[in-house]
Structure formats: C-alpha cells, structure tokens
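Comments concern the structure below.
The values are calculated or read from the model by the stated rules, or taken from the named source; none is laboratory data. Everything quoted here is computed from the prediction, not taken from an experiment. Backbone-built Cβ (ideal geometry, glycine too); neighbour counts: all protein chains shown. Side chains are part of the model used for accessible areas, which takes the heavy atoms of the whole protein and leaves out ligands, DNA and RNA. Shrake-Rupley method; radii C 1.70, N 1.55, O 1.52, S 1.80 Å.
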Amino acid sequence: MEKQQRLNELADFLRTRRARLRPEDVDFPCGPRRKTPGLRREEVAERAGISVTWYAWLEQGREVNVSFRTVESLANALNLSPHERTHLFELANQYVPPGPYPIAQNVTDTVRRMLDQLGNMPAYVVDGNWNYVTWNDAAVRVFTDFRKLPAGRCNLLWFTFQEEGARKLFRGWDAYAKCVLAQFRGDYILRPSGEVFLRDLVEELCDTDADFCRWWAEHEVLKRSDWRKVIEHPVAGVLELDALSLEVPDAPGMRIMVYTPSPSTDTAERIAALMKSARTAEKPFEAATVLDTFRMPAVRSKG
C-alpha cells in the first residue's frame, strides 16, 4: 500500500471509529444537541492525552510521526476491539506485540472434526504457549500419548527435550531439537517480558537439560517453517512425514500441525497398518501385527 493511501485509510478508520462512539459510552456528558454523531475530535484527543491539532492532522490524512504509545492511547480512547487495534497499528506502521496468551485455549468443534477427518494423517493443535491442546488418534499412535505427559507440561518444547522417547523417535534428534528451539526462540522474543508461563518453562529446561541450556545460550532464531521429519517408530519402522503449519482464525498464536506421508515412500501404508493394529488389538500397539503386515521378520520369544 502506498504511503498516502495508507494515511487516507488511517484517517478514514479514525473518523469512523470516532463517529460510532457516543458520549455516554465513555462517561462524557451528552451536553447540547450534536450536529454529527459520535465524539468530537477534542474529546478523542482528551481521552488519548494528545494535542487536538495533532489528532486533527491524523484525520486529515497528513503525514505525522506516531509512536507506539500514542497509537496504544488512541486504541484505548476509541474502545477498539482486538482486531481493530491490530488494524490501527498496521495502518500507523507500528508493530503490535502479541498479548499474553491464556494457558488454556478452547478449540472449536470444527477444528476437532477436521483433525478426526484427517484419518491416518497425524495432526495436533498447539496454542501460543506451544501447549498441545488437542490431537487426533494418528498423532497419538505416531508421536506419543499426549494425555500421559505431566500436568502443566503437555507442551511441544517440553516433550522435545524432556521426554526420553522423543530423543529416540526423531532421526537426527540434535538437528531436529535445535530447529524446534530456534523456532520457539523466534516466538519467545516477541512475547511480553512478563510472560510467566514461558519464562518458567525456559528456566526449568535450562536447569534440567544440558542440551537445551547450551543451545539456548547460542540464541539461534528461526521463523516457523515446514520441513520433513524422519521418525524411527518402535512399531511401524521408518516414517517420513512432511509438516504443515496452519494458523487458527480468531485464536491468537494457535496453529494446527498436520503431518502428511512423504511421496515415494511407504509411510502411508505403514501408518495405515499401525492404525489398523491399534483398532483391532486389545493393547494400544501390537508390534507383530504391524510387522506381519509389512512382511518383515519379527523376533519372537522361544517357547
């Protein structure tokens, strides 16, 4: 968007937000009859703690340098919703940091149905704190039973470094874990300094895991990316999966992680056999059943 177009959009947005507010909405006296609906410019300026002239220039589409604090004050003065607040910051060319994410976030039935309908494609949802919030059966069979992770630590970062099974599950675990940590760091540095949950999680991992502590000190940062994961599953054997990250609308920080079998591999058949084994056996996994499906030799006890 060109600069003047953005300034015009900003001006129009401020005017329309001001026009929808009534004096009684912001504890201002109604006073004499108003010629136009909404608050007056001087009333918005007063609520925001800025100059009336300066605010008028903004509504006229003039080029004015605005600080983060000023935009924040305008957002509060105009009673903007979270989406409107983000839009205002974008129009003002100001970065808006994400607010603290709740420890638990609700997942809609639509997202849950989507995960179920993915069938043999492992998928799970993580929130802005990297907590696992829901998953499908294929993810349980391929990765882990998330319900058995410690209370308060059903978390992707914690699982990667603290769960012994993860180190055995991912081929080239060091490279995988470094990549996970660098992506987490990219999220972490954008969060408010008072984010207690993430700060406590990082401190715990630094205290309990030498690899995490060493790599955290290197301060590597990586944007979220999709890449191929090679899993050495104790039952299904080698699985090659391509990861896809999808943002969840109206749920800040939440994303769906879907793992599709890589083409030109037998991963899809291996996962299908794993799922079939889990459905037909009394135990969660029956190694011999899956191995027989692939006609691979199984080691059986004598006697």
Return the residue satisfying two criteria in turn: it lies in segment 131-142 and is open to solvent by 10 Å² or more (accessible area, probe 1.4 Å) and in contact (Cβ under 8 Å) with a residue 40 or more places away in the chain, and of such residues it is farthest from P249 (Cα to Cα). R141
Check on A75, hydrophobic (A, V, I, L, M, F, W, C), touching a Leu at 6+ places or on another chain (Cβ under 7 Å) and surrounded by 14 or more Cβ atoms within 10 Å (Cβ to Cβ): yes
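So which of V26, V44 is at pLDDT below 85, open to solvent by less than 30 Å² (accessible area, probe 1.4 Å), in contact with a helix residue (DSSP H, G or I) (Cβ under 7 Å, 6 or more places away or on another chain) and among the hydrophobic types (A, V, I, L, M, F, W, C)?
V26
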For segment 149-169, check the following and say yes or no: at least one residue is under 22 Å from T267 (Cβ atoms), out of contact with any helix residue (DSSP H, G or I) (no Cβ under 8 Å at 6 or more places or on another chain) and surrounded by 21 or more Cβ atoms within 10 Å (Cβ to Cβ). yes
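The rows are residues; the columns are (1) open to solvent by 30 Å² or more (accessible area, probe 1.4 Å); (2) farther than 29 Å from R279 by Cβ; (3) in contact (Cβ under 8 Å) with a residue 12 or more places away in the chain; (4) assigned to a loop (DSSP other than H, G, I, E, B).
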{"site": "V111", "(1), (2), (3), (4)": "no, no, yes, no"}
{"site": "L115", "(1), (2), (3), (4)": "no, no, yes, no"}
{"site": "M121", "(1), (2), (3), (4)": "yes, no, yes, yes"}
{"site": "Q183", "(1), (2), (3), (4)": "no, yes, yes, no"}
When segment 215-262 is examined, which residues are found to be open to solvent by 30 Å² or more (accessible area, probe 1.4 Å), touching a residue at least 24 places away in the same chain (Cβ under 8 Å) and in a strand (DSSP E or B)? R228, V230, E232, V238, E240, T260, P261
Kindly evaluate E63 against the criterion of being open to solvent by 60 Å² or more (accessible area, probe 1.4 Å), in a loop (DSSP other than H, G, I, E, B) and out of contact with any Asp or Glu (no Cβ under 8 Å at 6 or more places or on another chain). yes
Lone qualifier among A288, A268 - being at pLDDT 95 or above and either of a type outside the set (D, E) or surrounded by 15 or more Cβ atoms within 10 Å (Cβ to Cβ) (or both): A268
